[in-house]
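A short reminder: the numbers here are calculations on the coordinates, not readings from a lab. Values in this document were obtained by computation on a predicted structure and should not be read as measured data. Neighbour counts are summed over all protein chains in view; Cβ atoms, including those assigned to glycine, are modelled from backbone coordinates with ideal geometry.
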Ligand SMILES: [Zn+2]
Ligand SMILES: [Zn+2]
């Protein structure tokens, strides 16, 4: 999604507001799938500050993430703002003494008269993602033995001989005691 900058680049202090629907491509980050089911709403303002353009934007929408515990995908709402700076990649007036560091992530470069919002928004979304991605706070995860998603059903991995399902409650109690005992020993 490109924003046209014609008319803005020539005039210091000129500004341009935008309000777009941005469809981001699905991606893999830290080996987990991240997908965008619906386009995100991105609105903001670009202001010409001379050597650089200031960009501030609000991002709203949903992102589909993978729960790190049960591995199922879940939707996480996004609603955040960011500020950054844009610089034309061919600006030659930027000397070596310049404070601008193109590699610092401080500044996004653009070419010609367009700036591509896709890459910029993507980078800020990655910064916004929770470190610990969980479908819900009390996600029970997967059974480490049989892989059953314990949010949906229980499995019988901790139960030995007795398969009589009438005794579930009693067996859960045994399980609870087992964990209590174990944690006290540690
Ligand atoms: Zn989960
Ligand atoms: Zn199991």
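The length gained on full extension between residue 71 and residue 155, counted as 0.36 nm times the residue separation minus their Cα-Cα distance, comes to 28.5 nm.
Calculated over the stretch 2-128, the projected area of the Cα convex hull averaged across directions stands at 8.4 nm².
Once the C-beta distance of residue 134 and residue 41 is scaled by a Förster radius of 25 Å, the resulting FRET efficiency is 0.50 to the nearest 0.05. Short-range pairs are left out: with C-alpha atoms under 8 Å and at least six residues apart, the relative contact order of the stretch 2-128 is 23 percent.
When 47, 107 are ordered from fewest to most other Cβ atoms inside 10 Å of their Cβ, what list results? Starting with the residue having the fewest Cβ neighbours, the order is 47, 107. For residue 106 and residue 2, a Förster radius of 35 Å and the Cβ-Cβ distance give a FRET efficiency of 0.95, rounded to the nearest 0.05.
By other beta-carbon atoms within 10 Å, ranking 85, 153, 16 with the fewest at the front produces 153, 85, 16.
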